[in-house]
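Undergrad: Sharing a structure below in structure tokens format, with a few things to ask.
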Amino acid sequence: MAGYKLNLSNKMWSKKYILILFLFNSFLSWAQPRSFSRNPSVFIKEYVKFLKPKAEKQDQELLETFTTKWDSGKFVEPEQRNIISVANLMLMNDLDISYFFLLTETMLYAKDSIDEPKYISWSKALVPSLNSGNQTFITLIKASINLFRDNTIYESKTKKWYSNSPDYRFIFEDNRVKISFKNIDLTCQAQVDQIKIYNTSGSYYLDTDEWQGQNGTMTWERVGFGKNNIYADIQSSYKLKFERAEVKIY
């Protein structure tokens, strides 16, 4: 009887060992690397290998497109090295894998939809934004892809701020990332109201969701007054919080 119990115990330990070994091997098959290679031809293989186990169907297509453009020279060498630096910083900062997919999608969209000077200014802001903190980087990526698509500057559940022109550039200054606009019409579309500031310039500071602007003309068309009948000229600096949609003139 004692021998039978010992046999059963051995079988149980054997099953536990097999299960632990299986889980360990599964973990190794998708273990987050400490860093990606700085060699562009090696990096792309490591990057895809890292993302592929977590990729949905649309993500698989995204990775295939990214690999094709990478291998064909769509991203020139300085751009590749910057992307590698960004990816390694994301690993170091323990960013969730979903943001790697979002970065990949944004990079492809940027390459296909904005001009080269604008792409360069955007890509140069990525590393400083990561050094400023994960939230600044995430805000930058989310804001960027909306901006590239339809000039949306900020969007929440209740408000959408957008520009009528793609005249903007990304700047890192005084340890802050901002998107600067020149001579645009800035519109806030809310559920029950709308604010519009014509012919204004300003910067969107990503770390505070704050707009700092200069000059412009505010109208009350949203409540039925004609654009040329009742309006207010802003001839100085002003600030607004995107979520509050309140303009403070200084």
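Undergrad: Can you give the FRET efficiency for GLN194 and VAL127, using 1/(1 + (r/R0)^6), R0 = 45 Å, r = Cβ-Cβ distance, to the nearest 0.05?
TA: 0.75
Undergrad: OK, next. Mind sorting THR68, THR187 by how few other Cβ atoms lie within 10 Å of their own Cβ, fewest first?
TA: Going from sparsest to densest Cβ surroundings: THR68, THR187.
Undergrad: For segment 35-146, rounded, prolate or oblate, judged on the Cα gyration tensor with a ≥ b ≥ c (square roots of eigenvalues), a/c < 1.5 rounded, else prolate if a/b > b/c?
TA: Rounded is the answer for segment 35-146, as its axis ratio a/c remains below 1.5.
Undergrad: Something else now. So what's the net charge close to ASN39: Lys and Arg +1, Asp and Glu -1, counting the other residues with Cβ under 13 Å from its Cβ?
TA: Neighbourhood net charge equals +1.
Undergrad: Still on this structure, please answer the following. Once you place label points 7 Å from the Cα toward the Cβ at ARG244 and MET92, how far apart are they in nm?
TA: 3.6 nm
Undergrad: Along Cα→Cβ, 7 Å out, is where each label goes; now give me the distance between the ones at GLU61 and ASP150 in nm to one decimal.
TA: About 2.0 nm separates the two model spin labels.
Undergrad: Here is a further query. Which order do ASP167, ASP94, ASP233 fall in if you start with the one that has the fewest other Cβ atoms within 10 Å?
TA: ASP94, ASP233, ASP167
Undergrad: Looking at this model, which pairs from LYS45/LYS111; LYS49/LYS118; LYS49/LYS142; LYS54/LYS178 are more than 26 angstrom apart at the alpha-carbon?
TA: Those over the limit are LYS49/LYS118; LYS54/LYS178.
Undergrad: Right, next: Modelled label-to-label distance, ASN175 and GLN214, 7 Å Cα→beta-carbon offset: nm?
TA: 2.5 nm
Undergrad: Which residues in segment 189-220 have a backbone N closer than 20 Å to a point placed 7 Å from the Cα of ASP233 along the Cα-to-Cβ line?
TA: 196-202, 213-220
Undergrad: How much length would be gained if the chain were fully extended between ASN134 and SER85, taking 0.36 nm per residue of separation minus their Cα-Cα distance, in nm to one decimal?
TA: Once the chain is fully extended between ASN134 and SER85, it gains 16.2 nm.
Undergrad: Would you kindly work out the equivalent ellipsoid of segment 110-200 from its C-alpha gyration tensor and give its semi-axes, the square roots of five times the eigenvalues, largest first in whole Å?
TA: Semi-axes (√(5λ), whole Å): 23, 16, 12.
No lab work stands behind these numbers, since they all come straight from the coordinates. Given the structure is predicted, the values throughout are model-derived calculations rather than measurements. Reconstructed Cβ throughout: ideal geometry from the backbone, glycine too, with neighbour counts over all protein chains shown.
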